[in-house]
Amino acid sequence: MASVIILKSPSQIVIMKEANQIVAQTLSMLRDYIKPGVTTLELDKLAEKFARSKGSVPAFKGYRGFPGSLCVSLNEQVVHGIPSKKVVLKEGDILSIDFGVKYKGFFGDAAVTLPVGKIDSAAEKLLNVTRGSLFNGIEQVRVGNRVSDISQAVQNYVEQAGYSVVRQFVGHGIGQSLHEPPEVPNYNRNERSAKLLPGMVIAIEPMVNAGGYEVKVLRDGWTVVTSDKSLSAHFEHSVAVTEDGPLILSYGTES
Ligand code: MG
């Protein structure tokens with residue numbers, strides 16, 4: 001990855017908001033389908049069809065060879081799960097859905113983790129803490145702060161709850177590329193990180209494990225799972241840095 005951070009003009013941020021609103025609407029639409037008996041491939045097809053109906057192109061399909069449009073990561077899967085007709089949702093599961101589109105030359109990217117039917121209180125707490133850590137990080141999106149302020153805020157929130165943040169995968173800048181500088185880690189790397197400037201757009205995406213932070217990639221080459229098989233959750237928003245604070249371009253994923 002080149003190291004130059006590309007700032008976006010106000011009119012480009014308007015387009016990025018449109019792209020991210022297609023992502024948010026897709027994730028919201030999928031909520032009604034996430035229930036026992038549904039396969040992750042069905043969700044993938046629904047997402048792709050919806051996004052294309054809005055004039056956008058799914059961003060993950062074919063990205064470095066990823067076979068689906070939607071990343072579907074179940075229970076101990078952290079990120080990058082591949083949609084499959086063999087994976088059938090069942091009561092008590094948690095499912096992370098991560099979606100991206102390209103629209104008018106710009107990318108949108110967001111993720112949520114959702115319950116399948118009724119889930120136990122431990123899973124419920126993991127979802128709440130992971131969502132909370134994302135918003136705690138977003139609060140640090142202020143001109144003059146550094147990326148490390150976001151990282152530290154996410155890490156503190158997660159670790160105070162007794163969970164751990166994944167280190168091997170991080171958030172990122174986003175714009176005319178899906179992944180741009182800077183990297184946005186969810187833990188403090190104890191290094192000098194970029195200052196936040198108006199026009200920067202970043203995808204903040206804490207991946208939180210109920211157990212240890214270690215992860216591994218399955219033999220399919222994509223699916224990331226917790227090494228200790230503990231539950232994992234993932235929430236993501238694309239956020240623009242403005243003089244007035246954070247502007248969440250992908251807002252609305254919760255509705
Ligand atoms: Mg992302």
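With a cut-off of at least 2 residues that are within 27 Å of residue 77 (Cβ to Cβ) and aliphatic (A, V, I, L, M), name the strands (runs of 3 or more DSSP E) lying wholly within the stretch 125-213. Steps first, please.
Working: elements: 171-173, 180-184, 201-204, 207-209.
Here the list reads 201-204, 207-209.
Based on what the data block shows, is residue 79 crowded, with 17+ Cβ neighbours inside 10 Å, at pLDDT 95 or above and more than 14 Å from the ligand (Cβ to nearest atom)? Full working, then the answer.
Details: crowded, with 17+ Cβ neighbours inside 10 Å: yes; at pLDDT 95 or above: yes; more than 14 Å from the ligand (Cβ to nearest atom): no.
Spelling it out, it is not the case that residue 79 is crowded, with 17+ Cβ neighbours inside 10 Å, at pLDDT 95 or above and more than 14 Å from the ligand (Cβ to nearest atom).
Give the stretch 89-110 a look and list any residue that's open to solvent by 10 Å² or more (accessible area, probe 1.4 Å), in contact with a strand residue (DSSP E or B) (Cβ under 9 Å, 6 or more places away or on another chain) and either within 12 Å of the ligand (Cβ to nearest atom) or not in a strand (DSSP E or B) (or both), or say none.
Scanning the stretch 89-110 gives 92, 98, 107.
Which ones in the stretch 26-37 are touching a residue at least 40 places away in the same chain (Cβ under 8 Å) and within 16 Å of residue 71 (Cα to Cα)?
At the first step, the residues of the stretch 26-37 found to be touching a residue at least 40 places away in the same chain (Cβ under 8 Å) are 26-28, 30-31, 34-37.
Listed by number, the residues that qualify are 26, 27, 28, 30, 31, 34.
Filter the stretch 14-60 down to residues that are in a helix (DSSP H, G or I), out of contact with any Ser or Thr (no Cβ under 8 Å at 6 or more places or on another chain) and farther than 28 Å from residue 117 by Cα, then give me how many there are.
Residues in the stretch 14-60 being in a helix (DSSP H, G or I), out of contact with any Ser or Thr (no Cβ under 8 Å at 6 or more places or on another chain) and farther than 28 Å from residue 117 by Cα: 6 in total.
Checking the conditions here, which among 8, 45, 54, 35 is basic (Lys, Arg), more than 26 Å from residue 216 (Cα to Cα) and crowded, with 19+ Cβ neighbours inside 10 Å? First the steps, then the outcome.
Values: 45 fails: crowded, with 19+ Cβ neighbours inside 10 Å; 54 fails: crowded, with 19+ Cβ neighbours inside 10 Å; 35 fails: crowded, with 19+ Cβ neighbours inside 10 Å.
Exactly one residue qualifies, and that residue is 8.
Which residue, of 159, 124, is open to solvent by 40 Å² or more (accessible area, probe 1.4 Å) and either in contact with an Asp or Glu (Cβ under 9 Å, 6 or more places away or on another chain) or over 22 Å from residue 253 (Cβ atoms) (or both)?
Values: 124 fails: either in contact with an Asp or Glu (Cβ under 9 Å, 6 or more places away or on another chain) or over 22 Å from residue 253 (Cβ atoms) (or both).
Just a single option satisfies the conditions, and that option is 159.
The values are calculated or read from the model by the stated rules, or taken from the named source; none is laboratory data. All figures in this text were calculated on a predicted structure; none of them were measured in a lab. Cβ atoms come from the backbone with ideal geometry, glycine included; neighbour counts cover every protein chain shown. Side chains are part of the model used for accessible areas, which takes the heavy atoms of the whole protein and leaves out ligands, DNA and RNA. Shrake-Rupley method; radii C 1.70, N 1.55, O 1.52, S 1.80 Å.
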